[in-house]
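Each value in this text was obtained by applying a stated rule to the coordinates, not by laboratory testing. Source: prediction; values computed, not measured. Using ideal geometry, Cβ is built from the backbone for each residue, glycine included, and neighbour counts are taken over all protein chains shown.
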Amino acid sequence: MYTVSIPEIPIVDSIKLPSRETAVIVVDMQNDFVKPEGKLFVPTAPKTIEPIRRLLDNARARGVKIFYTKDTHYEGDPEFTIWGEHVRYGSWGWEIIDELKPTERDIVVIKTRYDGFYGTPLDDLLKVYGIKNIVVTGTVANICVLHTAASAALRWYKVIVPVDSISALNEFDYYTALRQISFLYKGILVRSVDSLIFE
Ligand code: ZN
């Protein structure tokens, strides 16, 4: 119906981040979103598993704090009228995928909205650990990733997003997320998870 062109979106080739002031947030990499049998499968999500796993290995080796968000809904949640039932508390679909299972050193934040900060202790926990930079990964790019990145930026955290670590339901949504994170929230887009240097 419409043809639109994507404005130039700056993507940097690499970035150095201080390990002690940086956290990685893995947004909603749960079975319902990432696995084909899931209730709200994002077709490009599986190809982000391996990059995110490499990023987590790198971060853990450097002592970088890791947070996960876990989208969570209960019986009769109004969000079900928008998306259908998904990530119902306690279900298989609600669990974080086996490939990216959190360790006991990581922090898992249960959230009920798109925004990982809304009604959660995330901001407090980031402050407790002296975090200033947040690397945001996961799914869905223009929904929970964008809202969480935006919410972090509005709190003046520096937001970094490796473009190979997020996924959306279609290309338009993916590029919309990149554009908003970069243009509106002044987040830094990085070409690959392998281009992050924790020092
Ligand atoms: Zn949801």
Worksheet entry | In sequence order, calculated HN-Hα J values of segment 149-160 (Karplus, 6.51, -1.76, 1.60; Hz; x Gly/Pro) | 4, 4, 5, 5, 5, 5, 9, 6, 6, 8, 9, 10
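Give the average over all directions of the projected area of the C-alpha convex hull of the chain, one decimal, in nm². Please report the intermediate quantities before stating the final value.
On the way: hull surface 44.5 nm².
Taking a quarter of the hull surface, the average projection is 11.1 nm².
What does the charge add up to near residue 4, with Lys and Arg as +1, Asp and Glu as -1, over the other residues with Cβ less than 15 Å from its Cβ? Intermediate results must be reported in sequence, preceding the final value.
Values: positive: 179; negative: 8, 171, 173.
Result for the local shell: -2.
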Worksheet, complete the sentence: Cβ-Cβ cut-off under 9 Å around residue 113, Lys and Arg +1, Asp and Glu -1: the net charge is -2
Fill in: Amide H partners (placed H, <5 Å) of residue 159, local residues excluded
134, 188
Item to complete: Hey, for a label at residue 19 modelled as a point 7 Å past Cα toward Cβ, could you say which residues of segment 65-101 have their backbone N under 11 Å away?
Response: 65
Response to the item:
The set of residues whose placed amide H lies less than 5 Å from the amide H of residue 167, leaving out same-chain residues fewer than 5 positions away, is 138, 141
Practice prompt. Take the Cα of residue 105, step 7 Å along the line toward its Cβ, and report every residue of segment 54-80 whose backbone nitrogen sits under 19 Å from that point.
Written response: 54-69
Item to complete: Rank the residues 33, 41 as a footprinting-exposure proxy: fewest other Cβ atoms within 10 Å of their Cβ go first.
Response: 41, 33
